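Reading through the structure tokens given below for one structure.
The values are calculated or read from the model by the stated rules, or taken from the named source; none is laboratory data. This one's a predicted model, so the numbers in the text were calculated from it and none came from an experiment. Don't worry about glycine lacking a Cβ; one is built from the backbone with ideal geometry, like all the others, and counts go over all protein chains shown.
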């Protein structure tokens with residue numbers, strides 16, 4: 001998320017609104033706010049987990065809210081020491097992106113291109129841009145900060161740009177990591193009925209040109225879906241995953257978070273992918289998904305298990321007879 005105008009680190013601290021420590025020497029301006037995996041130079045980010053300290057300190061982020069004090073500040077950055085970095089990060093999010101209820105179906109500042117059809121009972125939020133010659137079918141909800149290209153079809157009851165399912169467990173319940181990102185859908189995309197495309201938590205959820213969705217597809221926050229990807233019914237892609245161009249994700253297949261899937265990958269129906277795929281043109285099957293040729297061999301061996309069991313049983317009986325005759 002980019003700020004409306006750049007601010008100083010002192011202003012960041014004032015927005016946080018409580019005493020914090022500081023280390024570093026960043027004298028420039030802060031231009032936005034992002035999670036570390038989306039952070040750019042000029043951004044504020046946060047970290048409160050041992051697993052990610054090094055990755056965040058080495059990220060492009062300029063200002064880092066952190067709960068570990070015995071760390072060196074990388075050159076050109078500034079650290080803000082906090083007992084609760086998430087809550088301080090959320091204070092900045094809510095300062096710029098506080099929820100504002102909408103009382104009309106189509107927000108007055110929404111831009112809808114020439115030739116686009118918007119059917120009854122569609123909701124379109126603020127700062128939405130829809131291109132030319134699109135069809136938005138009834139009961140679709142398009143949340144704020146969504147951009148849709150030309151020649152796009154969105155079928156009934158789909159929701160685009162809803163908040164991410166992103167919560168941190170605390171002893172007294174869950175703290176929501178408030179979404180302040182956006183959603184982008186390219187040209188010539190078709191989205192089926194009852195699909196859900198979550199906005200980025202702080203960055204962009206991206207759907208590339210020519211991609212096609214069947215019904216009941218879920219796309220998680222900050223995920224990148226490339227061009228001409230095909231997503232089967234009830235498939236699901238978790239947050240922060242990169243699906244490259246021309247992939248096929250068949251029905252009821254799922255892809256875990258923070259993964260990369262190379263071009264022309266095929267994930268067969270009812271499979272679950274839990275690792276990066278770096279070789280283009282890989283075909284995968286199973287739970288967890290492996291190369292399909294290997295999995296088909298495993299299936300063949302499984303079908304022969306009953307025969308193997310019969311052979312072992314017969315062999316055992318022969319051995320028992322031999323031993324009984326001694």
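Among the residues of the stretch 195-212, just one is under 10 Å from residue 239 (Cβ atoms), touching a strand residue (DSSP E or B) at 6+ places or on another chain (Cβ under 7 Å) and in a loop (DSSP other than H, G, I, E, B), namely 200. Per the conditions (1) assigned to a loop (DSSP other than H, G, I, E, B); (2) over 29 Å from residue 189 (Cβ atoms); (3) at pLDDT 85 or above, the sole criterion not satisfied by residue 318 is (1). One residue stands out among those in the stretch 247-298 that are in contact with a strand residue (DSSP E or B) (Cβ under 9 Å, 6 or more places away or on another chain) and in a helix (DSSP H, G or I): the one that is surrounded by the fewest Cβ atoms within 10 Å (Cβ to Cβ), which is 293. Checking each residue in the stretch 23-40 for being touching a strand residue (DSSP E or B) at 6+ places or on another chain (Cβ under 8 Å) and without any contact (Cβ under 8 Å) to a residue 40 or more places away in the chain picks out 29, 30, 31, 32, 36, 39, 40.
Residue by residue, here is whether (1) within 16 Å of the chain's Cα centre (by Cα); (2) over 21 Å from residue 188 (Cβ atoms) holds:
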| residue | (1), (2) |
| --- | --- |
| 225 | yes, no |
| 239 | yes, yes |
| 259 | yes, yes |
| 267 | no, yes |
| 275 | yes, yes |
| 285 | no, yes |
| 293 | no, yes |
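All of 107, 155, 121 fail the test of being more than 21 Å from the chain's Cα centre (by Cα), farther than 23 Å from residue 57 by Cα and touching a residue at least 40 places away in the same chain (Cβ under 8 Å), apart from 155.
Looking at (1) surrounded by 15 or more Cβ atoms within 10 Å (Cβ to Cβ); (2) in contact with a helix residue (DSSP H, G or I) (Cβ under 7 Å, 6 or more places away or on another chain); (3) without any contact (Cβ under 8 Å) to a residue 40 or more places away in the chain, find the lone condition where residue 130 falls short. The failed condition is (2).
Among the candidates 78, 119, the residue that is modelled with pLDDT of 90 or more and within 29 Å of residue 147 (Cα to Cα) is uniquely 119. For the stretch 28-37, state whether one or more residues are within 27 Å of residue 183 (Cα to Cα), part of a helix (DSSP H, G or I) and modelled with pLDDT under 90. Yes.
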